[in-house]
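A.B. asks: A single structure is presented below for examination.
The values are calculated or read from the model by the stated rules, or taken from the named source; none is laboratory data. Given the structure is predicted, the values throughout are model-derived calculations rather than measurements. A quick note on method: Cβ atoms are made from the backbone with ideal geometry, for glycine too, and the neighbour counts reach across all protein chains shown. Surface accessibility is based on the protein's heavy atoms, side chains included, excluding ligands, DNA and RNA. Shrake-Rupley method; radii C 1.70, N 1.55, O 1.52, S 1.80 Å.
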Amino acid sequence: MDSQTRDLVVFAIIGIIAGFLASLVVGGDGLIRYLITGIIGAFVGGYLFRALGINLGIRNAFVSEIVTAAIGAIVIVLVARLIA
């Protein structure tokens, strides 16, 4: 497997885990929903943390990305519910 494919697989795994964790907090189910909210949450969480200057202090990069994406996914789901 080349590095680009591996990166996409890792990104998808992070998205699924983050979406699942977000669903535990705000509800929802389904693998595709986990993936979509987790991937969008990764971008939103990363942007918010950089804009606000927040550093989680987690030394493990994989865990840090999952937590950031999960928090971003929670924000996305809550905003979507407020709009709908």
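A.B. asks: Might you let me know whether segment 35-51 holds any residue that is among the polar types (S, T, N, Q) and in contact with a helix residue (DSSP H, G or I) (Cβ under 6 Å, 6 or more places away or on another chain)?
C.D. replies: Scanning segment 35-51 turns up at least one residue that is among the polar types (S, T, N, Q) and in contact with a helix residue (DSSP H, G or I) (Cβ under 6 Å, 6 or more places away or on another chain).
A.B. asks: To continue, here is another question. Which one is farthest from Ile76 (Cα to Cα), of the residues in segment 52-65 that are free of Cβ contacts under 8 Å to residues at least 24 places away in the same chain and in a helix (DSSP H, G or I)?
C.D. replies: Ala61
A.B. asks: If you don't mind, there's one more thing I want to ask. Is at least one residue of segment 30-51 farther than 23 Å from Val9 by Cβ, assigned to a helix (DSSP H, G or I) and within 11 Å of the chain's Cα centre (by Cα)?
C.D. replies: No, segment 30-51 contains no residue that is farther than 23 Å from Val9 by Cβ, assigned to a helix (DSSP H, G or I) and within 11 Å of the chain's Cα centre (by Cα).
A.B. asks: Looking at segment 52-77, which of the residues that are of a type in the set (S, T, N, Q) and either open to solvent by 60 Å² or more (accessible area, probe 1.4 Å) or in contact with a helix residue (DSSP H, G or I) (Cβ under 6 Å, 6 or more places away or on another chain) (or both) is nearest to Phe11 (Cα to Cα)?
C.D. replies: Filtering segment 52-77 for residues that are of a type in the set (S, T, N, Q) and either open to solvent by 60 Å² or more (accessible area, probe 1.4 Å) or in contact with a helix residue (DSSP H, G or I) (Cβ under 6 Å, 6 or more places away or on another chain) (or both), the one nearest to Phe11 (Cα to Cα) comes out as Thr68.
A.B. asks: Could you tell me whether segment 4-24 includes any residue that is touching a residue at least 24 places away in the same chain (Cβ under 8 Å), open to solvent by 30 Å² or more (accessible area, probe 1.4 Å), in a loop (DSSP other than H, G, I, E, B) and not β-branched (Val, Ile, Thr)?
C.D. replies: No, the conditions are met nowhere in segment 4-24.
A.B. asks: Criterion first (out of contact with any helix residue (DSSP H, G or I) (no Cβ under 7 Å at 6 or more places or on another chain), farther than 14 Å from Ala12 by Cα, open to solvent by less than 70 Å² (accessible area, probe 1.4 Å) and of a type in the set (Gly, Ala, Ser)) does Ala80 satisfy it?
C.D. replies: Answer is yes for this residue.
A.B. asks: How many residues does segment 33-51 hold that are open to solvent by 50 Å² or more (accessible area, probe 1.4 Å) and within 14 Å of Ala80 (Cβ to Cβ)?
C.D. replies: Looking only at that region, the number is 3.
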